[in-house]
Amino acid sequence: MPEIDFDINAPEPFKLSVRRGPFTTHNGPWYHWADGETFRQGVRLQRRHCNSREICHGGFLCSLADGLAATAVFRNLKRSSVTMKLNTEFLGAAHSGDWLQGTAWLVRATPRMAFVEARAWVGDSIDMPETDFVFTANAVFRLLEPVE
């Protein structure tokens with residue numbers, strides 16, 4: 001388990017995510033919740049997620065954006081996918097000790113590609129804010145053939 005500097009104290013209704021790949025597990029621990037079409041993923045930012053000023057590293061934020069977008073593809077299309085393009089716009093800062101959470105949604109899909117938007121913000125509320133995002137992102141995914 002990665003080193004923990006700050007108590008997790010995940011807000012309700014977040015639950016620990018246990019089925020993650022090795023890269024994502026190393027960067028956690030991650031938490032999630034879902035209600036119908038709505039889902040969130042969250043993490044209590046630790047020092048290892050941040051730069052020397054204890055501001056969350058842009059590479060970590062891009063990894064979160066990619067994971068959120070891939071989750072939206074799978075939840076909507078029940079297909080595995082790989083990232084073709086990820087554009088991330090950094091709009092605010094998150095700091096060590098903050099609860100960072102985000103969500104994503106499918107914008108459209110073709111037989112071979114999926115187009116997704118994602119957002120992340122700091123705070124315990126499960127409601128997505130209208131402003132004050134840490135990042136917004138859009139992504140294009142190549143849909144993989146189903147495994148038989």
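Output the residues belonging to region 37-63 that are touching a residue at least 40 places away in the same chain (Cβ under 8 Å), touching a Cys at 6+ places or on another chain (Cβ under 9 Å) and closer than 18 Å to Gly21 by Cβ. Result: His49, single match.
When restricted to residues that are crowded, with 18+ Cβ neighbours inside 10 Å, charged (D, E, K, R) and touching a Pro at 6+ places or on another chain (Cβ under 9 Å), region 77-134 contains 1.
Within region 12-22, restricting attention to residues that are touching a residue at least 12 places away in the same chain (Cβ under 8 Å) and outside any loop (DSSP other than H, G, I, E, B), the residue that is nearest to Gly59 (Cα to Cα) is Leu16. Restricting attention to region 39-69, and to residues there that are surrounded by fewer than 19 Cβ atoms within 10 Å (Cβ to Cβ) and of a type in the set (D, E, K, R), which single residue is farthest from the chain's Cα centre (by Cα)? Out of the qualifying residues, it is Arg53.
Could you identify the single residue in Arg48, Arg40 that is of a type in the set (D, E, K, R) and not in a helix (DSSP H, G or I)? After ruling out the rest, the residue left standing is Arg40.
Determine, yes or no, whether Ala72 is in contact with a helix residue (DSSP H, G or I) (Cβ under 9 Å, 6 or more places away or on another chain) and buried (at least 16 other Cβ atoms within 10 Å of the Cβ).
no
When the residues of region 1-41 are filtered to those that are β-branched (Val, Ile, Thr) and farther than 19 Å from Pro129 by Cβ, the one that is modelled with the lowest pLDDT is Ile4.
The values are calculated or read from the model by the stated rules, or taken from the named source; none is laboratory data. Please read all numbers here as calculations on a predicted model, not as lab measurements. Quick reminder, even Gly has a Cβ in these numbers, built from the backbone with ideal geometry, and neighbours come from all protein chains shown.
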